[in-house]
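**Q** Here it is: the structure, laid out below.
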Amino acid sequence: MEPWLVADGPKLLLWGAETAAYLAGATLLLSLLQLLAKYAQKWQQMRAIPTVAYAFPLVGHSLLMKADGQEFFQQIIQYSEEYRDRPLLKLWVGPIPMVALYRAENVEVILTSSKQIDKSYMYKFLEPWLGQGLLTSTGNKWRARRKMLTPTFHFTILEDFLDVMNEHANVLVKKLEKHVNQEAFNCFFYITLCALDIICETAMGKNIGAQNNGDSDYVRAVYRMSDITLRRMKMPWFWPDLWYLLFKEGREHRRSLKILHSFTNNVITERVSQMKAEEEGRDDQDGIKRRAFLDLLLGAIDEEGKKLSHEDIREEVDTFMFEGHDTTAAAINWSLYLLGCYPEAQKKVDNELDEVFGTFGPFIRYTVGTKCTKTYVIHFHGGQAVGAI
Ligand code: HEM
């Protein structure tokens, strides 16, 4: 080897390392500047939209937002009351601007658009659980899935699920009955557990008995995951994945995710082998077999005749578990609350049910074109149920 090469070797190495470090630093700086420029441009673009209060750079309104779900809801109500006369409202969640639409004519523009199908940035935080199912996906993936899954919402298919709904609704009514003429109680968890029982059995064909065993790991994980995800959306300092894991909440998120995915994975695997056994005529399980949304997914094919993969199916089942319990539980709770607050409306509903179905008494399944369980409603006092009639 030439002597000058030996002497200059370490120097060359040092020079190479220094250049690499400068280049990496310059690239990082450039990316940061690019991000800042984009952020400043967005800030400028959004200036004209009314806002609730001064937004701090980068954290926006995040420090202002209540972490607790109940308090946050009250806060949103207060803002929409305060700014009722404005057409829309802007809120910076960290560096991300959110626009709140609360007038029917503005909301309609978005809901009827076939172009505006991208979900907001916040939906990214649902992806660890739901993957890219119907709720979180966009573009061609969403269009193809939507086309494939729309037939599963057909009325005749939904009718098959009425027995399941009636069964679980009866458990709920029996639980409520125990409170007749007793102290005030919070019916929220009763309703949520009932909604979970119904969605579990209609989506996966699995009776988890949540109403009788609210302590199941899966039920707790569904419940906690919805809550944790909504909290994370409001707190930009919890957004980076690795950083999030340093916090108790991040670790709970990871634990819940594991419980949720292994439960759905097991149900899908079990159902696939059960269907195989049925096909091969070696199914030894007696009794009526109910079709679930999962069975329809296992049989669904796209335009090219391709079936959904295990992963695709898990995404959709998890999506239905999330979408199907939280929304319906909230809607039922609101309906009960309002019926309790307005006894005259409650009386009207009761009369109408009697008119349509007759006065046979509670918990009876009627067949008048469609089946229906007549459930009995509750008095409300200061937000608490005080008894079932
Ligand atoms: C009162 C009850 C319900 C309400 C208020 C409700 C509300 C909504 C809303 C507002 C969306 C649009 C969300 C968005 O695109 O950002 C949505 C989408 C969706 N909901 Fe519901 N929902 C309810 C019940 C259900 C149930 C019971 C299921 C399933 C069993 C379900 C499954 C879905 C799915 C899969 C999507 C995504 C659809 C798509 O983007 O193509 N929902 N729901």
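The values are calculated or read from the model by the stated rules, or taken from the named source; none is laboratory data. Owing to the predicted nature of the structure, the values given are computational and were not obtained by experimental measurement. Positions of Cβ are backbone-derived with ideal geometry, glycine not excepted, and every protein chain shown enters the neighbour counts. For accessibility, only protein heavy atoms count, side chains too; no ligands or nucleic acids. Shrake-Rupley method; radii C 1.70, N 1.55, O 1.52, S 1.80 Å.
**Q** Here is a check on your reading of the model: is Leu130 in contact with a helix residue (DSSP H, G or I) (Cβ under 9 Å, 6 or more places away or on another chain), near the ligand (Cβ under 9 Å from one of its atoms) and of a type outside the set (Gly, Ala, Ser)?
**A** When the stated conditions are applied, Leu130 does not pass them.
**Q** For the stretch 98-203, give me every one of the helices (runs of 4 or more DSSP H) that falls completely inside it and has 1 or more residues that are in contact (Cβ under 8 Å) with a residue 12 or more places away in the chain and polar (S, T, N, Q).
**A** Working: elements: 104-111, 127-130, 139-149, 155-160, 162-177.
Filter on the stretch 98-203 gives 104-111, 162-177.
Condition check ((1) over 25 Å from Leu260 (Cβ atoms); (2) open to solvent by 30 Å² or more (accessible area, probe 1.4 Å); (3) within 14 Å of the ligand (Cβ to nearest atom)) across all residues:
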residue: Tyr102; (1), (2), (3): yes, yes, yes
residue: Ile117; (1), (2), (3): yes, no, yes
residue: Phe153; (1), (2), (3): no, yes, yes
residue: Val171; (1), (2), (3): no, yes, no
residue: Glu177; (1), (2), (3): yes, yes, no
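Residues are listed down the side, and each one gets a yes or a no for (1) at pLDDT below 90; (2) open to solvent by 90 Å² or more (accessible area, probe 1.4 Å); (3) among the basic types (Lys, Arg); (4) in the same structural domain as Thr327 (by TED's automatic domain parsing):
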| site | (1), (2), (3), (4) |
| --- | --- |
| Thr192 | no, no, no, yes |
| Glu201 | no, no, no, yes |
| Ala210 | no, no, no, yes |
| Arg224 | no, no, yes, yes |
| Trp237 | no, yes, no, yes |
| Thr269 | no, no, no, yes |
| Met275 | yes, no, no, yes |
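**Q** Can you tell me how many residues within the stretch 79-95 are more than 8 Å from Pro50 (Cβ to Cβ) and within 24 Å of the chain's Cα centre (by Cα)?
**A** Of the residues in the stretch 79-95, 7 are more than 8 Å from Pro50 (Cβ to Cβ) and within 24 Å of the chain's Cα centre (by Cα).
**Q** Considering only residues that are within 23 Å of Ile198 (Cα to Cα) and open to solvent by 40 Å² or more (accessible area, probe 1.4 Å), look in the stretch 277-309 and name the one that is modelled with the highest pLDDT. Give the derivation first.
**A** From the stretch 277-309, those within 23 Å of Ile198 (Cα to Cα) are 285-300; that's our starting set.
From the residues that got through so far, the ones that are open to solvent by 40 Å² or more (accessible area, probe 1.4 Å) too are 285-291, 299.
Details: Gln285: 60, Asp286: 55, Gly287: 54, Ile288: 54, Lys289: 63, Arg290: 72, Arg291: 79, Gly299: 88.
Step by step, filter the stretch 277-309, then rank; the result is Gly299.
**Q** Just the residues that are touching a Leu at 6+ places or on another chain (Cβ under 7 Å) and either of a type in the set (A, V, I, L, M) or open to solvent by less than 30 Å² (accessible area, probe 1.4 Å) (or both), please, taken from the stretch 323-342.
**A** Across the stretch 323-342, the qualifying residue is only His325.
**Q** Quick one: is Glu127 open to solvent by 50 Å² or more (accessible area, probe 1.4 Å) and more than 20 Å from Phe322 (Cα to Cα)?
**A** no
**Q** Evaluate the following for Lys206: is it under 15 Å from Met321 (Cβ atoms), buried (at least 16 other Cβ atoms within 10 Å of the Cβ) and basic (Lys, Arg)?
**A** yes
Conditions tested, residue by residue: (1) within 12 Å of Pro97 (Cβ to Cβ); (2) assigned by TED's automatic domain parsing to the domain that holds Asn333; (3) open to solvent by 50 Å² or more (accessible area, probe 1.4 Å).
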{"position": "Leu33", "(1), (2), (3)": "no, no, yes"}
{"position": "Met46", "(1), (2), (3)": "yes, no, no"}
{"position": "Pro50", "(1), (2), (3)": "no, no, no"}
{"position": "Phe56", "(1), (2), (3)": "no, no, yes"}
{"position": "Gly60", "(1), (2), (3)": "yes, no, no"}
{"position": "Leu64", "(1), (2), (3)": "no, no, yes"}
{"position": "Asp68", "(1), (2), (3)": "no, no, yes"}
{"position": "Glu71", "(1), (2), (3)": "no, no, yes"}
{"position": "Gln75", "(1), (2), (3)": "no, no, no"}
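**Q** Within the stretch 155-167, can you find the residues that are open to solvent by 10 Å² or more (accessible area, probe 1.4 Å) and either of a type in the set (Ser, Thr, Tyr) or within 15 Å of the ligand (Cβ to nearest atom) (or both)?
**A** Phe155, Thr156, Ile157, Leu158, Glu159, Asp160, Phe161, Leu162, Met165
**Q** Turning to a different aspect of this structure: Can you confirm whether the stretch 133-140 contains a residue that is in contact with a Leu (Cβ under 9 Å, 6 or more places away or on another chain), within 21 Å of Phe73 (Cα to Cα) and of a type outside the set (A, V, I, L, M)?
**A** No, there is no match, as no residue in the stretch 133-140 is in contact with a Leu (Cβ under 9 Å, 6 or more places away or on another chain), within 21 Å of Phe73 (Cα to Cα) and of a type outside the set (A, V, I, L, M).
**Q** If I ask for residues that are more than 8 Å from the ligand (Cβ to nearest atom) and touching a residue at least 60 places away in the same chain (Cβ under 8 Å), which ones from the stretch 313-324 would you list?
**A** Arg314, Glu315, Val317, Asp318, Met321, Phe322
**Q** Restricting to the stretch 121-149, name every residue that is touching a strand residue (DSSP E or B) at 6+ places or on another chain (Cβ under 9 Å) and outside the structural domain of Ser226 (by TED's automatic domain parsing).
**A** Going through the stretch 121-149, the residues touching a strand residue (DSSP E or B) at 6+ places or on another chain (Cβ under 9 Å) turn out to be 121-122, 148.
Across the stretch 121-149, the qualifying residues are Tyr121, Met122.
**Q** If you go through the stretch 106-115 one residue at a time, do you hit one that is surrounded by 15 or more Cβ atoms within 10 Å (Cβ to Cβ), within 16 Å of the ligand (Cβ to nearest atom) and not assigned by TED's automatic domain parsing to the domain that holds Glu311?
**A** Looking through the stretch 106-115, none of the residues is surrounded by 15 or more Cβ atoms within 10 Å (Cβ to Cβ), within 16 Å of the ligand (Cβ to nearest atom) and not assigned by TED's automatic domain parsing to the domain that holds Glu311.
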